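Peer 1: Sharing a structure below in structure tokens format, with a few things to ask.
The values are calculated or read from the model by the stated rules, or taken from the named source; none is laboratory data. As the structure is a computational prediction, the values presented were derived from the model and not from experiment. Glycine also receives a Cβ, built like all others from the backbone with ideal geometry; neighbour counts cover every protein chain displayed. To get the accessible areas, we keep the full protein, side chains included, count just its heavy atoms, and leave off ligands, DNA and RNA. Shrake-Rupley method; radii C 1.70, N 1.55, O 1.52, S 1.80 Å.
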Amino acid sequence: MTYIAKPKFHHPSLPKNALGYTHRDYEGKVSTLCAGCGHDSITASVIEACYELAIEPHRVAKISGIGCSSKTTDYFLNASHGFNSVHGRMPSVLTGANLANRDLIYLGVSGDGDSASIGFGQFAHSMRRGVNMTYIVENNGVYGLTKGQFSATADRGSKSKRGLTNNDNAIDMVAMALQLGATYVARAFSGDKTQLVPLIKGAIEHQGAAFIDVISPCVAFNNHAGSTKSFDYVREHNEAVNRLDFISGRAPIHVDYDPGTTQVVEQHDGSRLVLKKVSADYDANDRLGAMNFLGHHASKGQIVTGLIYVDSEPEDLHTHFNTVDKPLNALSEKELCPGSATLEKINAALR
Amino acid sequence: MSNKTPISSVNDFVVRFANVNGSGSASANELFARSVLRMGVPVSPRNIFPSNIQGLPTWYEVRITEAGHLGARGGVDLMVAMNPQTWDKDLAMIEPGGYLFYDSTKPMPSSKFRPDITVIGVPLTAICNREYTDPRQRQLFKNIMYVGALSALLDMDVKAIEQLISEQFKGKEKLFDANKNALHLGRDWALLNLECPIGLRVQRADKVGDRIFMEGNSAAALGAVYGGATVCAWYPITPSSSLADAFTSYCRRLRVDPETKKMNVAIVQGEDELASMGIVVGAAWNGARAFTATSGPGVSLMTEFLGLAYFAEIPAVLFNVQRAGPSTGMPTRTQQCDVISCAYASHGDTKHVLLFPEDPREAFEFGALSFDLADRLQTPIFVMLDLDIGMNHRLCRPLTWDDSRKYDRGKVMTAEMLDAGKEFGRYLDVDGDGIPYRTYPGTHPTKGAYFTRGTSRDRYARYTEEGAPYADNMQRLLRKFETAKDLVPRPLIANSDKPTRYGVIYYGSTAPAMDEANQALKTAGKNLDLLRVRAFPFHHTVEDFIADHDFVFVVEQNRDAQLRSLIVNECGIDPARLVPILHYDGTPITARFIAKSIGERLDALKVTPLRKVVS
């Protein structure tokens, strides 16, 4: 229960990150989700990624919509402001928040119902605007809080727990994000923390619209035979394009890698993404190629995971608007109010 | 020609231009209105336009009024009939003894005219075809040409018109010459061939003073600039689009950082009204001053967010430029029809603060003030304009700004305050005014963070589904609404100089017509006390005013007497004491309508009962 406080004490020898924070400083309330929920694994990965990046927790704004996934923002980063907003409308709230203060890190958490069904329009427009954010969809293909209805990412032909078959085509959020101009596009499996943590780290450092689709089985309503979002199904059909190592530009760490099977992508802030390629000819800088690759594997029933696309020179909404460097919420009368002398001139021109 | 004595009037008549949308008439008609203004005579122009870009009928009405009556009058004294499609309707609208101006190039059968009006024909098309070869020029200069002819017929100062043209085409000498030439083509033809002037004349006066001529939407947008708005998110909808457009163009001039040339503002055209309101809510949550501009249908789409903003206590400003509803209703016609839907917008128990500006000057003032109120009260503030104020040029007092004025950012707890040990509970009523403190995201490494949600929580923003903390919070929101009563603009009362048992309550764009109607009623011996509501929640003076009168007329521009319902509901007033006076056909309310409606009811009240026959 979220109103049950988590004990604050911890073992004195817990490791600390560059800022002197422990893991505990990145935790949130106790999860109220079902035991074994994939979403809780994602929460753990978010905590791990923020800890490893040594982010100041209060410099993150975590914004979500409505649903099981959207509740998770309460389960990490207690020292951050969170906003559990309106169903399907996280992207607009995040966009507004981002415009108000460009200096914070924006973490948007949503689900497949929240982003692919009711909020599909807002998802699309936040991608095409290039809002600087990490947008995570915790994708289980099902409505959990309302007990087991299909969402728009449920695969055609997949079966619900009640035995109904989904006849509608599935929306592939990754394909959509690529098409809409997201500059960092990834997919992961919630059960694979070693894959997910570096992808989240890369997304946070990415200075543009970063999207991660995380397949996250619903243990209550979508983990049965016939489901295409179950633990077993995803493990069997996972086609990883690469395994990512993340190297922060702020604290360079030497990592050994085999040049024959890796691709290094340097992001604008100096951080480096080292992709250990599974598929040797895969190029994560090629948007068109990524779309082709995705479609090709989808037709074979394979779920492509890994860093699928990254633009190492992204632009964001503030660049497009040419807004001042200072956060807009910190501007005062001095910058904002043109004053009475200017108003006199305006009056004169209206006579 | 006329069998009725032609109307004779100096500086007090109505000219109506009937045009085809997209024919370039708007700028010529505005030139006419401004020329009268430059002669020191107040004008009150109104656009009556279709939901169309090209081809459908459109009208522009100019009331010339030395007495300064800026409301619509009703009736037309001079019809400039440039649209054959609406000829019959336009002709029927002319007052007996009035004048018809038309393009006489093509002969018209006498059955197409009226015997009780004066007909003035000018062969505009023929002159144009003779003078110009380019079809576009023929069209545009025809418009300027009728302004020229009117200047002769109405005895106007041609220098005033020329001056305006030169200001309009400053630095474009060729265009100035061409327009001036067209003006004189029309004027000279009229002087040579017609009896000038007619019974209607514009005579130089000194009644405009330092007043400005501005649209309410521009004024509201400028108010948002002065009020410190830094995020604007909107979706196009008539009649509010020109507000966001005006904000954009003002910002291009006034919000550019002088050193870096970067913008001190972000303006997003959202993908819909839902996203626009979401962006406003997100920005305001994060400490920016944010607003949207929309109209009734847009408010409907925003209502889920408005409920969240009310409950989660997010400051937001919404300019609602009302139009006739329901649904898409009459998108280009005016009404005050969203009073109830905005006052109670959203699900659950919600109440919102509404401001009712009467003209562009108040649109500017309330526009700027709304951001202080939103921050102070941490709730959405609606600035309720309408098409009549928003999209028409209105003469009003010049805008003013006090340079010592500071923005009221409300109760925001800073890192220093948190470090000093001040207790922070996001929904804790520390001052007894129902208003809690908030923190901006990113304020402090360990203190002051909280989780915002639309679901219930306790005073420290901790999730709870318990009944008592929920009710406690809802009660505090009511206390906050009480606090609002003393912060919003107070009602303005104008008492009759003679004691009266009757009062009138009115608001917004009804104001000029109401003032004029009141003068007429007074002349007829009917005395009324007036109260102009400027905001909701209602200040106690509204209740006092009603208590002080036997009957109070509530004049408004909607079918359902929405403000009256709100007063009845919120102040617990006996409905029988509030008499609705309603105008809702999409045209602006007129003094004639108000004076007639109230006059008739007052007359009915005066009927003395028959004395009981004693046998």
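Peer 1: What number of residues within the range B:369-412 satisfy the criterion of being within 23 Å of B:TYR60 (Cα to Cα) and either open to solvent by less than 20 Å² (accessible area, probe 1.4 Å) or touching a Ser or Thr at 6+ places or on another chain (Cβ under 7 Å) (or both)?
Peer 2: 11
Peer 1: Output the residues belonging to the range B:18-33 that are at pLDDT below 95 and in contact with a Pro (Cβ under 7 Å, 6 or more places away or on another chain).
Peer 2: B:VAL20, B:ASN21, listed by residue number.
Peer 1: Let me ask you something else. For the range B:451-464, name all the residues that are over 37 Å from the mean Cα position of the chain (by Cα) and either open to solvent by 20 Å² or more (accessible area, probe 1.4 Å) or among the polar types (S, T, N, Q) (or both).
Peer 2: Answer for the range B:451-464, where residues must be over 37 Å from the mean Cα position of the chain (by Cα) and either open to solvent by 20 Å² or more (accessible area, probe 1.4 Å) or among the polar types (S, T, N, Q) (or both): B:SER456, B:ASP458, B:ARG459, B:TYR460, B:ARG462, B:TYR463, B:THR464.
Peer 1: So, one more: Out of the residues in the range B:64-76 meeting the condition of being more than 20 Å from the chain's Cα centre (by Cα) and open to solvent by 10 Å² or more (accessible area, probe 1.4 Å), tell me which one is farthest from B:ARG201 (Cα to Cα).
Peer 2: B:GLY75
Peer 1: Additional query: Only one of these is open to solvent by 10 Å² or more (accessible area, probe 1.4 Å), assigned to a helix (DSSP H, G or I) and farther than 22 Å from B:GLY508 by Cα: B:GLU543, B:GLU600. Name it.
Peer 2: B:GLU600
Peer 1: Hey, does the range B:126-143 have a residue that's more than 19 Å from B:SER27 (Cβ to Cβ), open to solvent by 30 Å² or more (accessible area, probe 1.4 Å) and touching a Gly at 6+ places or on another chain (Cβ under 9 Å)?
Peer 2: Scanning the range B:126-143 turns up no residue that is more than 19 Å from B:SER27 (Cβ to Cβ), open to solvent by 30 Å² or more (accessible area, probe 1.4 Å) and touching a Gly at 6+ places or on another chain (Cβ under 9 Å).
Peer 1: Moving on. Being in contact with a Pro (Cβ under 9 Å, 6 or more places away or on another chain) and within 12 Å of chain A (Cβ to nearest Cβ) is the filter here; which residues of the range B:371-414 pass it?
Peer 2: The first filter runs over the range B:371-414 and keeps only residues in contact with a Pro (Cβ under 9 Å, 6 or more places away or on another chain), leaving B:371, B:373-381, B:383-396, B:399, B:401, B:410-411.
Answer for the range B:371-414, where residues must be in contact with a Pro (Cβ under 9 Å, 6 or more places away or on another chain) and within 12 Å of chain A (Cβ to nearest Cβ): B:PHE371, B:ASP375, B:HIS393, B:ARG394, B:LEU395, B:CYS396, B:LEU399, B:TRP401.
Peer 1: Next question, about the same structure. Would you tally the residues in the range B:282-297 being under 25 Å from the mean Cα position of the chain (by Cα) and buried (at least 24 other Cβ atoms within 10 Å of the Cβ)?
Peer 2: As a first pass, look at the range B:282-297 and keep what is under 25 Å from the mean Cα position of the chain (by Cα): B:289-297.
Now drop any that are not buried (at least 24 other Cβ atoms within 10 Å of the Cβ), which leaves B:289-296.
Total meeting the criteria: 8.
Peer 1: Quickly run through the range A:282-311 and pick out the residues that are small (Gly, Ala, Ser) and surrounded by 19 or more Cβ atoms within 10 Å (Cβ to Cβ).
Peer 2: Residues satisfying the conditions are A:ALA284, A:ALA290, A:GLY306.
Peer 1: Give the residue, chosen from B:ASP272, B:ASP245, that is under 28 Å from B:CYS337 (Cα atoms) and at the interface with another protein chain (Cβ under 8 Å from one of its Cβ atoms).
Peer 2: None of the others qualify; the one that does is B:ASP272.
Peer 1: If you scan the range B:284-296, which residues turn out to be assigned to a loop (DSSP other than H, G, I, E, B), touching a Phe, Trp or Tyr at 6+ places or on another chain (Cβ under 9 Å) and more than 7 Å from chain A (Cβ to nearest Cβ)? Talk me through it step by step, then tell me what you get.
Peer 2: First pass over the range B:284-296, keeping only residues assigned to a loop (DSSP other than H, G, I, E, B): B:286-289, B:295.
Retained after the next criterion (residues that are touching a Phe, Trp or Tyr at 6+ places or on another chain (Cβ under 9 Å)): B:286-287, B:289.
Residue satisfying the conditions is B:ARG289 alone.
Peer 1: Would you check if A:SER92 is within 7 Å of chain B (Cβ to nearest Cβ) and at pLDDT 95 or above?
Peer 2: Values: within 7 Å of chain B (Cβ to nearest Cβ): yes; at pLDDT 95 or above: yes.
The answer is yes for A:SER92.
Peer 1: Give the residues of the range A:108-131 that are touching a Leu at 6+ places or on another chain (Cβ under 7 Å) and not in a helix (DSSP H, G or I), sorted by residue number.
Peer 2: Within the range A:108-131, A:GLY108, A:GLY130, A:VAL131 qualify.
Peer 1: Something else about it: Please specify each residue of the range A:316-334 satisfying the condition of being open to solvent by 30 Å² or more (accessible area, probe 1.4 Å) and either within 18 Å of B:GLY367 (Cα to Cα) or in contact with a Phe, Trp or Tyr (Cβ under 7 Å, 6 or more places away or on another chain) (or both). First the steps, then the outcome.
Peer 2: Residues of the range A:316-334 that are open to solvent by 30 Å² or more (accessible area, probe 1.4 Å), as a first pass: A:319-322, A:325-326, A:330, A:332-334.
Within the range A:316-334, A:SER332, A:GLU333 qualify.
Peer 1: Next up: Please state which one of B:VAL299, B:VAL281 is modelled with pLDDT of 95 or more, part of a helix (DSSP H, G or I), in contact with a Cys (Cβ under 7 Å, 6 or more places away or on another chain) and β-branched (Val, Ile, Thr).
Peer 2: B:VAL299
Peer 1: Any residue at all in the range B:466-479 that is in contact with a strand residue (DSSP E or B) (Cβ under 9 Å, 6 or more places away or on another chain), within 14 Å of chain A (Cβ to nearest Cβ), within 30 Å of B:LEU385 (Cβ to Cβ) and open to solvent by less than 60 Å² (accessible area, probe 1.4 Å)?
Peer 2: As a first pass, look at the range B:466-479 and keep what is in contact with a strand residue (DSSP E or B) (Cβ under 9 Å, 6 or more places away or on another chain): B:469-470, B:473.
Of the ones still in play, those that are also within 14 Å of chain A (Cβ to nearest Cβ) are B:469-470.
Now drop any that are not within 30 Å of B:LEU385 (Cβ to Cβ), which leaves none.
Checking the range B:466-479: not a single residue is in contact with a strand residue (DSSP E or B) (Cβ under 9 Å, 6 or more places away or on another chain), within 14 Å of chain A (Cβ to nearest Cβ), within 30 Å of B:LEU385 (Cβ to Cβ) and open to solvent by less than 60 Å² (accessible area, probe 1.4 Å).
Peer 1: What residue, among those in the range B:580-597 that are within 20 Å of B:ASP550 (Cα to Cα) and touching a helix residue (DSSP H, G or I) at 6+ places or on another chain (Cβ under 6 Å), is surrounded by the most Cβ atoms within 10 Å (Cβ to Cβ)?
Peer 2: B:ILE594
Peer 1: Next question, about the same structure. Does B:TYR440 satisfy being within 14 Å of chain A (Cβ to nearest Cβ), at negative phi and either open to solvent by 50 Å² or more (accessible area, probe 1.4 Å) or not in a loop (DSSP other than H, G, I, E, B) (or both)?
Peer 2: In short, no.
Peer 1: While we're on this one: Do we have any residue at all in the range A:130-140 that's more than 14 Å from the chain's Cα centre (by Cα) and over 23 Å from A:VAL219 (Cα atoms)?
Peer 2: Looking for residues that are more than 14 Å from the chain's Cα centre (by Cα) and over 23 Å from A:VAL219 (Cα atoms), one finds none in the range A:130-140, hence no.
Peer 1: Which residues, taken from the range B:258-278, are in a loop (DSSP other than H, G, I, E, B) and not charged (D, E, K, R)?
Peer 2: If we filter the range B:258-278 for residues that are in a loop (DSSP other than H, G, I, E, B), which is where we start, we get B:258-262, B:264-265, B:270-272.
Of everything in the range B:258-278, those that are in a loop (DSSP other than H, G, I, E, B) and not charged (D, E, K, R) turn out to be B:PRO258, B:THR260, B:ASN264, B:VAL265, B:GLY270.
Peer 1: Hey, another quick one. Out of the range B:330-368, which residues are open to solvent by less than 10 Å² (accessible area, probe 1.4 Å), hydrophobic (A, V, I, L, M, F, W, C) and closer than 30 Å to B:GLY454 by Cβ?
Peer 2: B:VAL339, B:CYS342, B:ALA343, B:ALA345, B:VAL353, B:LEU354, B:LEU355, B:PHE356, B:PHE366, B:ALA368
Peer 1: Considering the range B:235-279 alone, what residues qualify as being closer than 14 Å to A:GLN122 by Cβ and not aromatic (Phe, Trp, Tyr)?
Peer 2: Scanning the range B:235-279 gives B:VAL268, B:GLY270, B:GLU271, B:ASP272, B:GLU273, B:LEU274, B:ALA275, B:SER276, B:MET277, B:GLY278, B:ILE279.
Peer 1: Can you name every one of the helices (runs of 4 or more DSSP H) wholly within the range A:168-283 that holds 3 or more residues which are modelled with pLDDT under 95?
Peer 2: A:193-205, A:231-237
Peer 1: Is it true that B:GLY216 is in contact with a Gly (Cβ under 6 Å, 6 or more places away or on another chain), under 25 Å from B:PRO315 (Cα atoms) and touching a residue at least 12 places away in the same chain (Cβ under 8 Å)? Lay out the reasoning, then the answer.
Peer 2: Working: in contact with a Gly (Cβ under 6 Å, 6 or more places away or on another chain): yes; under 25 Å from B:PRO315 (Cα atoms): yes; touching a residue at least 12 places away in the same chain (Cβ under 8 Å): yes.
Yes, satisfied.
Peer 1: Ok, one more. Filtering the range B:1-55 down to residues that are assigned to a loop (DSSP other than H, G, I, E, B) and touching a helix residue (DSSP H, G or I) at 6+ places or on another chain (Cβ under 8 Å), which residue is surrounded by the most Cβ atoms within 10 Å (Cβ to Cβ)?
Peer 2: Ranking the qualifying residues of the range B:1-55, first place goes to B:MET39.
Peer 1: Right, another one. Might you check whether a residue that is under 22 Å from B:SER51 (Cβ atoms), surrounded by fewer than 24 Cβ atoms within 10 Å (Cβ to Cβ) and in contact (Cβ under 8 Å) with a residue 60 or more places away in the chain occurs anywhere in the range B:241-252? Can you show your working first?
Peer 2: Our first condition is that a residue be under 22 Å from B:SER51 (Cβ atoms); within the range B:241-252, this holds for B:241-246.
The next check asks that each one be surrounded by fewer than 24 Cβ atoms within 10 Å (Cβ to Cβ); those that pass are B:241-242, B:245-246.
Remaining after also requiring in contact (Cβ under 8 Å) with a residue 60 or more places away in the chain: B:242.
Taking every residue of the range B:241-252 in turn, at least one turns out to be under 22 Å from B:SER51 (Cβ atoms), surrounded by fewer than 24 Cβ atoms within 10 Å (Cβ to Cβ) and in contact (Cβ under 8 Å) with a residue 60 or more places away in the chain.
Peer 1: Moving on. Which of the residues belonging to the range B:141-160 are assigned to a loop (DSSP other than H, G, I, E, B) and more than 31 Å from the chain's Cα centre (by Cα)?
Peer 2: If the condition is that a residue be assigned to a loop (DSSP other than H, G, I, E, B) and more than 31 Å from the chain's Cα centre (by Cα), then B:ASP155 is the only one that fits.
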